[in-house]
Amino acid sequence: MTHPTPTTNPRSKTSPRKLLPEAFSRSAFGRSTSRRVSWLPLAASLVLSLLLPLALPLWAQDDETSRARNQPVEPLHLIDNVYYVGASDIASYLITTPQGHIVIDGGFVETAPMIRDNIESLGFDLADVKWLLNSHAHFDHAAGLAALAEWSGAKVVASRADAPVLAAGGSGDYFISAEHNAFPAVEVARTMDDGEQIRLGGTTLTANLTPGHTRGCTSWSMQVDDGGTPRSVVFVCSVSLLPGVSLLDNEAYPSILEDYLATYQRLEEIPCDVFLAAHASFFDLAGKRQQVASATQNPFVDPEGYRAYLAKNKRHFDKKLAEQRAAAEKTTAPEER
Ligand SMILES: [Zn+2]
């Protein structure tokens, strides 16, 4: 894989990463604005190469929005054997079993130590993590996987469509450039097709392929025992439509519209009592965390919140699709106007 040099580092001032993929502005995805270094005098480039790595670590989420979403927070027991071990918005989940544990998502590079500390402060051993699952191969959910895999010895699991992007350190996404999505490459030990399962110590995680946001976006699901009541848990990958993504005649991803529509239908049909997702803001972790102590029922049992999340995103999706269709008609039939 290509490892960005300090002068072409996408986190450098030449192409600031303003926001996470879910909220990326169109400008953040433009052509590379990195500068070539050949014109620099040798002395200046030496100074730069010595100083920049100190001031600006590679892979860093160095912009304000990313940092704001990646604040350390206390881990939290969600339900049965499921724990939140991620950052303020960048989610990560620990699923414990008597035969070892499963972690879903690794966050940014900077999230990985938070995830490790959260797992350990809950009293679990990182070395007992056997499987590292990924929701999708974007830098804010996949960049910490390499470190977590190294520290724990766990094997990485991802969908067949997203695995090559993980193996290539972020290049190969249909929309986000390799430079913007760059993260430490990670070897995928098991690739999942739709409906395939990971089983460990009495727990079964099912890979539900929900493509659109990435080609292999995976919403994992499992069953838990909520004090004698069985509950369906869904870890939603993401249905966010990044600003600037074309749903019509998308050469990089020809089936994007069909995939998104099928994903909405799939998620609307899947049973969901416990709504969790790749971003904590999707299911209001902060609000629900406040309710834990006083609520008579587990606030994470929230099928209505799940429906509301899907409905809200579908309205936005339909609006964007209508806008893109209107724009396409305008350009193909100007004489009719
Ligand atoms: Zn994403």
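The values are calculated or read from the model by the stated rules, or taken from the named source; none is laboratory data. Just so you know, these numbers come straight off a predicted model, no measurement behind them. Cβ sites come from the backbone with ideal geometry, for glycine too, and all protein chains shown count toward neighbours.
In segment 92-104, is there at least one residue being surrounded by fewer than 18 Cβ atoms within 10 Å (Cβ to Cβ), assigned to a helix (DSSP H, G or I) and at pLDDT 95 or above? No - not one qualifying residue is present in segment 92-104.
Close Cβ contacts (under 6 Å, 6 or more residues apart or on different chains) running from residues in segment 253-267 that are touching a residue at least 24 places away in the same chain (Cβ under 8 Å) to residues that are among the aliphatic types (A, V, I, L, M) and in a helix (DSSP H, G or I) comprise Leu267/Leu310. Based on what the data block shows, is Ala308 surrounded by 12 or more Cβ atoms within 10 Å (Cβ to Cβ) and away from the ligand (no atom under 16 Å from the Cβ)? Answer is yes for this residue. Within segment 192-218, if we keep just the residues that are within 13 Å of the ligand (Cβ to nearest atom) and among the polar types (S, T, N, Q), the residue that is farthest from the chain's Cα centre (by Cα) turns out to be Thr210. Helices (runs of 4 or more DSSP H) fully within segment 137-190 that include at least 2 residues being free of Cβ contacts under 8 Å to residues at least 60 places away in the same chain: 145-152, 163-167. Within segment 266-278, is there a residue that is more than 16 Å from the ligand (Cβ to nearest atom), in a strand (DSSP E or B) and buried (at least 16 other Cβ atoms within 10 Å of the Cβ)? Yes: one or more hits. Remark: pairs (first residue in segment 231-243, within 12 Å of Asn313 (Cβ to Cβ); second residue among the acidic types (Asp, Glu); Cβ separation under 6 Å; 6+ apart in sequence or on different chains) = Ser240/Glu22.
If I filter segment 219-251 down to residues being within 16 Å of the ligand (Cβ to nearest atom) and of a type in the set (A, V, I, L, M, F, W, C), which single residue comes out as farthest from Asn298 (Cα to Cα)? Among those that are within 16 Å of the ligand (Cβ to nearest atom) and of a type in the set (A, V, I, L, M, F, W, C), it is Val245.
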